[in-house]
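What follows is a short report on a single structure.
The values are calculated or read from the model by the stated rules, or taken from the named source; none is laboratory data. Quick caveat: nothing in here was measured; it's all calculated off a predicted structure. With ideal geometry, Cβ positions are generated from the backbone for all residues, glycine too; neighbour counts draw on all protein chains shown.
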Amino acid sequence: MRQLRFGLACQPRRIRPPLSERVFLPVIVLSGFWMWKGHVLRRLVSKRAVQQDVSRLDSALDQTTISKGLLKTTETKKPMTTFNTSREIPATVEQVFAAISDPERLSRWWGPAGFTNTFKVCEFKNGGRWSFIMHGPNGNNYPNENVFAEIESPRKVVVQHASEPEYRLTTVLAASAVKTVISWSQAFESSEVVSRLEHIVVPANEQNLERLSVEVLRKPGGG
C-alpha cells in the first residue's frame with residue numbers, strides 16, 4: 001500500500017495550460033482564418049467586378065464599332081444625284097470664257113459629238129433666257145429651255161435647265177499655270193433620274209468638254 005502511494009507520488013503531474021490560452025488561442029486562430037477567407041473573397045469579388053467592367057467596355061466598343069460601320073455604310077450608299085468632271089484647256093481663263101459667253105461660238109460646241117444647235121434666244125446675263133433646238137445625228141430635234149441662273153465673268157456660269165429632265169449645270173474656270181481648269185458639275189433632282197441617264201450623260205459631258213476645247217483653240221476664221 002505504501003509502495004502504491006509512492007508510485008503514484010512519483011508520476012509526473014500534468015500541467016494544464018492557463019485559462020487564457022485555452023480560450024483565446026482558438027479565437028485567434030479562427031479570427032485569422034476568417035480574415036484570410038475575407039481577403040480571398042474580396043480578391044475574388046474584385047476580380048469578378050473587373051471582369052464585368054471589361055465585358056461592359058468590350059460591349060460598348062462593339063456597339064460603337066457597329067454604329068460607325070452602319071454610319072459608314074449609310075454614307076457609302078448615299079444616292080448620287082450629281083455628275084462631276086473636269087478638263088484642262090491650254091488657254092487663259094478669259095479665252096475659255098469667251099467661247100462660252102459668245103452665242104455664236106456656244107452654238108458650235110454645245111452638246112455631244114454629232115449634235116448641232118439652232119438658237120432662238122440666248123441672253124447671256126443673270127436671269128437671261130436661253131432657248132434653242134438641239135438637232136441629233138439621227139435627225140431628231142430636242143427643244144431646250146434654259147435660264148442663266150448665275151454669271152460671274154470670267155469665272156463661273158450656272159445654267160438651270162428647265163426642260164425635262166431638269167438639272168443645274170455649274171461650270172467654274174480656274175487658272176493653272178498656262179492652262180485653265182474647267183470644272184463641270186451637273187446636278188439632277190433625283191438619284192432615279194441619274195441612274196436612268198448615267199450611260200448617256202457621262203460620255204456626253206466628256207464629248208461636250210472636248211468640243212469646247214476644240215472651239216477655244218480654234219483659229220479665227222477657221223472652219
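Closer than 20 Å to A99 by Cβ and among the charged types (D, E, K, R): does that describe K120? For K120, the condition - closer than 20 Å to A99 by Cβ and among the charged types (D, E, K, R) - is not met.
For A177, the criteria (1) modelled with pLDDT under 95; (2) farther than 24 Å from S213 by Cβ hold in every case but one, which is (2).
Is it the case that some residue within segment 95-112 is surrounded by fewer than 17 Cβ atoms within 10 Å (Cβ to Cβ) and β-branched (V, I, T)? No, segment 95-112 has no match at all. Quick check on segment 130-140: of everything there that is small (G, A, S) and farther than 19 Å from V157 by Cβ, which residue is nearest to the chain's Cα centre (by Cα)? Filtering first and then ranking leaves G136. Only one entry in G111, G136 is in contact (Cβ under 8 Å) with a residue 12 or more places away in the chain, touching a helix residue (DSSP H, G or I) at 6+ places or on another chain (Cβ under 9 Å) and not hydrophobic (A, V, I, L, M, F, W, C), namely G111.
Restricting attention to segment 175-184, does a residue exist that is closer than 16 Å to M80 by Cβ, in contact (Cβ under 8 Å) with a residue 24 or more places away in the chain and either among the hydroxyl-bearing types (S, T, Y) or not assigned by TED's automatic domain parsing to the domain that holds G114 (or both)? Checked segment 175-184: no residue is closer than 16 Å to M80 by Cβ, in contact (Cβ under 8 Å) with a residue 24 or more places away in the chain and either among the hydroxyl-bearing types (S, T, Y) or not assigned by TED's automatic domain parsing to the domain that holds G114 (or both). Here segment 114-129 is the region considered, the condition is being loosely packed, with under 15 Cβ neighbours inside 10 Å and either among the charged types (D, E, K, R) or touching a residue at least 24 places away in the same chain (Cβ under 8 Å) (or both), and the residue that is farthest from V157 (Cα to Cα) is K120. Do you know which residues across segment 212-222 are crowded, with 16+ Cβ neighbours inside 10 Å and either out of contact with any helix residue (DSSP H, G or I) (no Cβ under 9 Å at 6 or more places or on another chain) or not aliphatic (A, V, I, L, M) (or both)? Listed by number, the residues that qualify are S213, E215. Can you spot a residue in segment 157-172 that is surrounded by fewer than 16 Cβ atoms within 10 Å (Cβ to Cβ), out of contact with any Phe, Trp or Tyr (no Cβ under 9 Å at 6 or more places or on another chain) and either within 25 Å of P90 (Cβ to Cβ) or not assigned by TED's automatic domain parsing to the domain that holds T92 (or both)? Looking for residues that are surrounded by fewer than 16 Cβ atoms within 10 Å (Cβ to Cβ), out of contact with any Phe, Trp or Tyr (no Cβ under 9 Å at 6 or more places or on another chain) and either within 25 Å of P90 (Cβ to Cβ) or not assigned by TED's automatic domain parsing to the domain that holds T92 (or both), one finds none in segment 157-172, hence no.
May I ask you to verify whether R87 is at pLDDT 95 or above and farther than 25 Å from L217 by Cα? Answer is no for this residue. The combined condition, being at pLDDT 95 or above, surrounded by 18 or more Cβ atoms within 10 Å (Cβ to Cβ) and either assigned by TED's automatic domain parsing to the domain that holds A98 or not in a helix (DSSP H, G or I) (or both), is not fulfilled by I200.
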